[in-house]
Structure formats: C-alpha cells, structure tokens
Amino acid sequence: MRARPVPLVACLAVVAVGCGGGEEKQAPRALAPVVLELTEPSDEAVVRSSSVRVRGSVSPAGADVRVDGRAAEMEGETFAIEVPLEPGANVLDVMATARGRAPAVTAVRVTREMPVEVPDVTGVEKDEAESRLSEAGLKVEIHDGGGLFDGLLPGEPVVCVQEPEAGAMVRRGTFVVVSVAKRC
C-alpha cells in the first residue's frame, strides 16, 4: 500500500493547534506589570497633619492610579493625591492599572500623631497627679524633693514642679517629670 500525500494545509493546522487534537490549553502569556514607584511619603512616616500628600511615578504614562480607592491626579508619568488620615496608624493602599498590563500594588504606613496638652498638676497630691497625667496619655517620673525632714511633716506630698510645663504640646507617651514634697 502506498501512503497518500498529506495536504500542506493539514500540516499547518497541526502545528498551529499542537498535538493531541487541541485538548491541551496553552498557558496565557504573563502580562508585563505596571511599574509603580512612590516618592512620598516614606514608609512609616509620622505626621501631625490631618492628611498626607502621596506622590510617585508610574509607567506606562496614562495608567490609572488609586490610593485607598481615590483616583490620583495624573501628569504624564507622575501622580499626586492628598489623602485624609485617621489619628494613629494608617495603611495607604496604592494600586496602578493599565490596559494590557498586570496591576501594581503597594502600601505605605503613615502615623498621624496627635499632640497632647500637658495638664497642670502643680499643687496636686502625688497619686492624683499620676492619674491625671496617665489619663492624658503621658508617662510620669516622680522625684522626691522634700529633703530629710519631709517625712516628719503632716499631710501628703504634692507636686511642686513639673517639666514640661502645663499647657505644653507634646507627643503621647512623653515623660512628665514631677518633683513632690509636703512643703514646696
């Protein structure tokens, strides 16, 4: 028996589909990701303002950039957006997408520091002063300042001097040094 010639079209079809009758699916080609770079703020930044400016660059130009779901303003390959912050720790999610590209995602951590006003505790008994300062989010360092005979005097020790002074704006967790004695 003589073999019959196979038409060229049939050979090309087998090459295009592959062996196995087309049951195997070819893996999709991986998409090149969008290139996303943040220039500000730095990760773990600490600010006192109620918002922060997020800036950076993206490639390709015209990619869509969103920070916490809000669309950033684009100018060529650069973007910027003002984002509100909650008091304390904030994580800002940044995502860039472009047609025909895999998305790029990153995050930046920003802490909004809320300054605390130091309460006036001069003339207040030691335990009450500790309580007021602790309620304000401050730490207390107590120095006994009454001298040798202070223990013989009647009454409870009170705050004679405090540092920082009452009304000062400081970071939460700042130590307030108080000097206590029965007579100031």
Quiz prompt | Selection status of VAL105, in contact with a strand residue (DSSP E or B) (Cβ under 8 Å, 6 or more places away or on another chain), in a strand (DSSP E or B) and either assigned by TED's automatic domain parsing to the domain that holds GLY62 or polar (S, T, N, Q) (or both) | solution = yes
Self-check item: Complete set of residues in the range 75-93 that are outside any loop (DSSP other than H, G, I, E, B) and out of contact with any Asp or Glu (no Cβ under 8 Å at 6 or more places or on another chain)
Solution: GLU75, THR78, GLU82, PRO84, GLY88, ALA89, ASN90, VAL91
Quiz prompt | Conditions (1) under 26 Å from the mean Cα position of the chain (by Cα); (2) surrounded by 18 or more Cβ atoms within 10 Å (Cβ to Cβ); (3) among the aliphatic types (A, V, I, L, M); number of the one not met by VAL124 | solution = (1)
Quiz prompt | Members of the range 116-166 that are of a type in the set (D, E, K, R), assigned to a loop (DSSP other than H, G, I, E, B) and within 30 Å of GLY88 (Cβ to Cβ) | solution = ASP120, GLU165
Quiz prompt | Yes/no for ALA96 being outside any helix (DSSP H, G or I) and touching a residue at least 60 places away in the same chain (Cβ under 8 Å) | solution = yes
Quiz item: Quick one: would you say ARG55 is under 23 Å from PRO33 (Cβ atoms), touching a residue at least 24 places away in the same chain (Cβ under 8 Å) and of a type in the set (Lys, Arg)?
Solution: yes
Self-check item: Hey, SER49 among the polar types (S, T, N, Q), modelled with pLDDT under 95 and closer than 30 Å to GLY137 by Cα or not
Solution: yes
Quiz prompt | Qualifying residue in the range 129-137 (condition: within 25 Å of ALA45 (Cα to Cα) and either in contact (Cβ under 8 Å) with a residue 60 or more places away in the chain or touching a strand residue (DSSP E or B) at 6+ places or on another chain (Cβ under 9 Å) (or both)) | solution = yes
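The values are calculated or read from the model by the stated rules, or taken from the named source; none is laboratory data. Please read all numbers here as calculations on a predicted model, not as lab measurements. No Cβ is skipped: glycine too gets one built from the backbone with ideal geometry, and neighbour counts run over all protein chains shown.
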